Structure formats: C-alpha cells, structure tokens
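Student: What follows is a structure written as structure tokens; I'll ask about it next.
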Amino acid sequence: MISKALVKELVQERMDEMDNDTYLVDIVISETNQIVVEIDNLKGSSTVQDCIRVSRNIEHNLDREEEDFELQVTTPGLSNPFKVHQQYTKNVGRNVKVVFKEVGSVEGKLIKVQEDLIIVETESKERIEGKKKKVLVVKQHTIPFDKIKETKIVISFK
C-alpha cells in the first residue's frame, strides 16, 4: 500500500514550489490504492492548474510498475465540513453553521479565528422587557475547537 506520509511529502514539495498560499486539506488512501488529495488556497480557491501541478508531482514520483494506483486531486466542496485550521481562517466573514460535540449548534458569521477557538456572531430579533417591538440583538459566541463536531459554510441564495 502507498504511504500517506510519502504522498503528503510530494504534495507539500509541490505546494512549496508554487508558493501561492495553497495548503493541504486532506489525503485519503484506500486499500485499493485510490488516492484522493484535497487542496485549497487561502486567497480564493485553488485552480485547475494547481491541482494538475500537485497531481503530476505525485504521479512522476510514484512507480506504477511497483504499485498501481488511482489519483484524484481536487478542492473541498462547499457543502463539506472544514477539516483544517486554514479553512476557518480563509472563511472569516462568511456565514457558518457550527455543530457542537455535545448538543446543539450555532449559525452566524465567523468573525475571528485564533489558534484554539473561533468567534461566531449571531443576530436575532428578541423581545426586550419594556419595549413594544422586537429589538435586533447581536451576540458573540466563543467556541473552543475541542467543542466543535463540525463546521460548514452556510450557502444562501438571497
């Protein structure tokens, strides 16, 4: 079976050469040597050219005569949960849904990412004592990474 560490090394080698803020999201290698590599870019999305460059570096450095493999280099989908810290950093300012490990979730704007936590801002109209109309209430939720089960971008067509 092809080593995940070797594939990671080959991916990182090419990303270092590209020097364009591309980062590794995930590598999955099945028992049948189907390799799926996910990459992304902090300044937007990775291009087809980025995927091709990474793919070629892996293909040229693995020997199909020794072990046959199938390779796919792609970008993470919008509906997939975040897997690495850089995805949080990239998506500051976007609406996200954070599902907690214990119970519950929060949906709002990701406004800050630190090494061990994120801050999500929510807005809701609430009735406040002494007021006739509901008032817009803005809350900031500080969420440690160790309490997060998954985080996804909220896709809106408004």
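Any read-out appearing in this document is the output of simple, stated calculations on the displayed coordinates, not a laboratory observation. Not measured: the values here are computed from a predicted model. Reconstructed Cβ throughout: ideal geometry from the backbone, glycine too, with neighbour counts over all protein chains shown.
Student: For the charge dipole of the chain, defined by +1 on Lys and Arg C-beta atoms and -1 on Asp and Glu C-beta atoms about the Cα centroid, which residue among Thr89, Pro76, Val138 has the Cα displaced farthest towards the positive pole?
Tutor: So the residue furthest toward the plus end is Val138.
Student: In addition: May I ask you to derive the relative contact order of the range 85-153, considering only C-alpha pairs under 8 Å and at least 6 residues apart, and to give it as an integer percent? Before the final figure, lay out the partial values.
Tutor: Details: 127 pairs, mean separation 22.3, N = 69.
So the answer I get is 32 percent.
Student: Same structure, new question: Diagonalise the Cα gyration tensor of the range 98-158 and give the resulting equivalent ellipsoid semi-axes, square root of 5 times each eigenvalue, largest first, whole Å. Let's see the in-between values first.
Tutor: Details: eigenvalues 130, 39, 26 Å².
Those come to 25, 14, 11 Å.
Student: How far is helix 48-61 tilted, in degrees, relative to the longest principal axis of the Cα atoms in the chain, given as a value from 0 to 90 rounded to the nearest 10?
Tutor: It works out to around 40 degrees.
Student: Please work out how many pairs of lysine residues in the range 1-109 are eight or more positions apart (or on different chains) and have Cα atoms closer than 18 angstrom.
Tutor: So the count works out to 8.
Student: So what are the ³J(HN,Hα) numbers for the range 122-130, from phi and the Karplus equation (6.51, -1.76, 1.60; θ = phi - 60°), rounded to whole Hz, Gly and Pro as x?
Tutor: Coupling constants for the range 122-130: 10, 10, 8, 8, 10, 7, 10, 3, x Hz.
Student: Let me ask something else about it. Given a cut-off of under 8 Å on Cα pairs at least six residues apart, what relative contact order in percent is computed for the chain?
Tutor: Rounded, it is 18 percent for the chain.
Student: Assuming R0 = 35 Å, can you tell me the calculated FRET efficiency for the pair Lys43 and Ser124, based on Cβ-Cβ distance, to the nearest 0.05? Could the numbers behind the result be given before it?
Tutor: Values: r = 33 Å, r/R0 = 0.93.
Rounded to the nearest 0.05, the efficiency is 0.60.
Student: How large is ³J(HN,Hα), in whole Hz, for each residue of the range 141-155 in order, when computed from phi with the Karplus curve 6.51 cos²θ - 1.76 cosθ + 1.60 and θ = phi - 60°, using x for Gly and Pro?
Tutor: So the J values, rounded to whole Hz, are 10, 8, 10, x, 4, 6, 9, 8, 7, 7, 10, 10, 6, 8, 8.
Student: So if R0 is 30 Å, what FRET efficiency would Leu6 and Val106 give, r being the distance between their Cβ atoms, rounded to the nearest 0.05?
Tutor: Here the calculated transfer efficiency is 0.15.
Student: Using Cα atoms only, what is the angle between the long axis of helix 4-18 and the major principal axis of the chain, expressed in degrees (0 to 90) to the nearest 10?
Tutor: Taking Cα atoms only, the helix is inclined about 80 degrees.
Student: Can you run phi through the Karplus equation (6.51, -1.76, 1.60; θ = phi - 60°) for the range 26-31 and list ³J(HN,Hα) in whole Hz, with x for Gly and Pro?
Tutor: Coupling constants for the range 26-31: 6, 9, 10, 10, 7, 5 Hz.
Student: Return the whole-Å distance between the Cα centroid of the range 84-158 and the Cα centroid of the range 1-78.
Tutor: Cα centroid to Cα centroid, the span is 32 Å.
Student: Over the Cα atoms of the range 4-74, how large are the radius of gyration and the largest Cα-Cα distance (Dmax), in Å?
Tutor: Computed over the Cα atoms of the range 4-74, radius of gyration and Dmax are 11.7, 38 Å.
Student: For log10 I(q)/I(0) by the Debye sum over Cα atoms at q = 0.10, 0.19 Å⁻¹, several values are listed as (1) -0.48, -1.15; (2) -0.35, -1.18; (3) -0.43, -1.06; flag the one computed from this structure.
Tutor: Answer label, from the structure shown: (1).
Student: May I have the count of lysine pairs in the range 117-158 with C-alpha atoms under 30 Å apart, counting pairs 8 or more residues apart or located on different chains?
Tutor: So the count of such lysine pairs works out to 18.
Student: Now, a different point. Of His60, Val113, Ser46, which is farthest towards the positive pole of the chain's charge dipole, taken about the Cα centre with +1 and -1 on the beta-carbons of Lys, Arg and Asp, Glu respectively?
Tutor: Val113
Student: Restricting to DSSP loop positions (anything but H, G, I, E, B) with no more than 14 other Cβ atoms inside 10 Å of their own Cβ, which chymotrypsin sites (Phe, Trp or Tyr not before Pro) remain in the range 52-158?
Tutor: Listed in order of number, the matching sites are Phe157.
Student: Next up: To the nearest 20 debye, what charge dipole does the range 3-48 have about its Cα centre, counting +1 at the Cβ of each Lys and Arg and -1 at the Cβ of each Asp and Glu? Don't jump to the answer; show the numbers that get you there.
Tutor: Numbers: 4 positive and 10 negative charges, 20 e Å.
Dipole magnitude for the range 3-48 comes out near 100 debye.
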